[in-house]
Amino acid sequence: MTYRHNQTVEVIGNQEPYKCSYYPATLLAAIGKTRYLVRYQTRFTDDKSRLLTESLRGSEIRPVPPEIQAPGFAAGERVEVCANGGWWVGRVDRSVDPVYYVRLDGDGSELRCPLYRVRKHLIWDDGKWVCSGTGSLRTLKQKMWNGRVSLEENHKLAMLQLER
């Protein structure tokens with residue numbers, strides 16, 4: 001994927017405490033062919049004096065997913081909830097209109113969220129968006145055995161296996 005200067009992207013959280021999350025960032029520059037310099041839009045340096053800037057591999061970022069209008073979500077459906085400045089992957093436990101209770105994948109905690117802070121979980125796969133639960137688990141496993149699995153693909157594999 002080729003990104004543009006000042007494009008808004010999402011950084012894939014792969015380490016605690018940001019595991020299973022996506023944080024918005026602005027792409028500042030390409031560094032060679034495989035790395036990018038980004039500035040987070042909602043995360044700050046340790047001293048809270050300025051927005052955090054990091055150099056990341058291309059596999060650690062994705063475009064912002066398209067907005068999908070959904071009238072609601074069913075129990076068990078894979079979603080992302082907006083909390084603490086990022087989008088956190090989880091599964092709907094239950095809903096009490098218009099509130100959803102979502103169990104987060106990362107730490108297993110449950111968040112109470114209104115519909116406007118919940119979106120469908122989509123995965124960026126080979127340059128296109130696919131709904132969580134679709135796509136090719138077999139293809140990912142093949143890539144894993146061949147040692148060619150990116151961080152995004154590793155995340156997708158984990159999400160698909162959780163759904164089984």
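The values are calculated or read from the model by the stated rules, or taken from the named source; none is laboratory data. All values reported here derive from a predicted model rather than from experimental measurement. FYI the Cβ positions are ideal-geometry reconstructions off the backbone, even for glycines, and counts take in every protein chain you see. For accessibility, only protein heavy atoms count, side chains too; no ligands or nucleic acids. Shrake-Rupley method; radii C 1.70, N 1.55, O 1.52, S 1.80 Å.
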Met144 fails exactly one of the following numbered conditions: (1) surrounded by fewer than 18 Cβ atoms within 10 Å (Cβ to Cβ); (2) modelled with pLDDT of 90 or more; (3) among the aliphatic types (A, V, I, L, M). What is the number of that condition?
-> (2)
Just to be sure, is Ile68 under 16 Å from the mean Cα position of the chain (by Cα) and open to solvent by 70 Å² or more (accessible area, probe 1.4 Å)?
-> yes
Looking only at segment 18-40, and only at residues there that are without any contact (Cβ under 8 Å) to a residue 60 or more places away in the chain and open to solvent by 50 Å² or more (accessible area, probe 1.4 Å), the one that is nearest to Glu80 (Cα to Cα) = Arg39
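Looking only at segment 72-123, how many residues end up being polar (S, T, N, Q) and more than 16 Å from the chain's Cα centre (by Cα)? Before the answer, list the steps.
Pass one, segment 72-123, residues polar (S, T, N, Q): 84, 95, 109.
Cutting the leftovers down to more than 16 Å from the chain's Cα centre (by Cα) gives us 95, 109.
Matching residues across segment 72-123 total 2.
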Please identify the pairs in which a residue from segment 72-92 that is within 14 Å of Leu111 (Cβ to Cβ) has its Cβ atom under 6 Å from the Cβ atom of a residue that is of a type in the set (S, T, N, Q) and surrounded by fewer than 18 Cβ atoms within 10 Å (Cβ to Cβ), counting only partners at least 6 apart or on another chain.
-> Gly85/Thr42
Any idea which of Arg62, Arg39, Arg43 is in contact with a Ser or Thr (Cβ under 6 Å, 6 or more places away or on another chain), in a strand (DSSP E or B) and of a type in the set (D, E, K, R)?
-> Arg39
